[in-house]
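Note sheet for the following structure.
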Amino acid sequence: PDAVQRVLDDARAHGAAVLGVPVKATVKESADGEFVLKTLDRSRLWEIQTPQVVRPQLLRDGFENVARGNLQVTDDVSVVELLGKPVKLTLGEYTNIKLTTPDDLIIADQILDKRQREDSA
C-alpha cells in the first residue's frame, strides 16, 4: 500500500510514474537465441511492476501517437516514453510479482501467508 501511494504521488508530480525494482539477475542479450551477444549493465536496469500511473490526457496522447505511427508498445508507460515525456521510477517491492505461470501462484501464496502470519503476530 505504501508503494501504491508513492507511485500515485509521483505520477501527480511528474505526469507518469511506474513501480519498479532494480534488476538483481545478470541479464544477457542474444541476437539469435543461441549465443550470448553481450551482458547488459544491470545497474541501469529496472524490473517494472504495476501499477503504472499516467495522467489521462497524457495517456490518450500517447495511444494516439502509437496508433498514428503504427508503433509497438509493451506497457502503458511505453506510450509516454515514445512521446519523449519523462516517466518517474518509483521504488516498489520485490514481493510485488507478476502472476503469469502456475509457479508464480505458489510464490504469491507464500508471500501472502507470510504477511498474514506477521499481521497476526
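The figures follow:
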| read-out | value |
| --- | --- |
| Out of Leu83, Leu89, sole residue that is hydrophobic (A, V, I, L, M, F, W, C), in contact with an Asp or Glu (Cβ under 8 Å, 6 or more places away or on another chain) and at pLDDT 95 or above | Leu83 |
| Members of the stretch 47-80 found to be hydroxyl-bearing (Ser, Thr, Tyr) and modelled with pLDDT under 95, listed by number | Thr50, Thr74 |
| Segments classed as helices (runs of 4 or more DSSP H), wholly inside the stretch 1-114, with at least 2 members that are exposed (fewer than 10 other Cβ atoms within 10 Å of the Cβ) | 2-14, 56-69 |
| For Gln49: the one exception among (1) farther than 14 Å from Thr90 by Cβ; (2) touching a Leu at 6+ places or on another chain (Cβ under 7 Å) | (1) |
| The stretch 72-95 residues that are under 11 Å from Val53 (Cα atoms), paired with ones that are of a type in the set (Gly, Ala, Ser) and open to solvent by 60 Å² or more (accessible area, probe 1.4 Å) (beta carbon under 9 Å, 6 or more apart) | Lys88/Ala13 |
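The values are calculated or read from the model by the stated rules, or taken from the named source; none is laboratory data. Predicted, not measured: the structure shown is a model, and the values here were computed from it. Cβ coordinates were reconstructed from backbone atoms using ideal geometry, including for glycine residues, and neighbour counts include every protein chain displayed. Remember, those area values only see protein heavy atoms, side chains included, never the ligands or the DNA or RNA. Shrake-Rupley method; radii C 1.70, N 1.55, O 1.52, S 1.80 Å.
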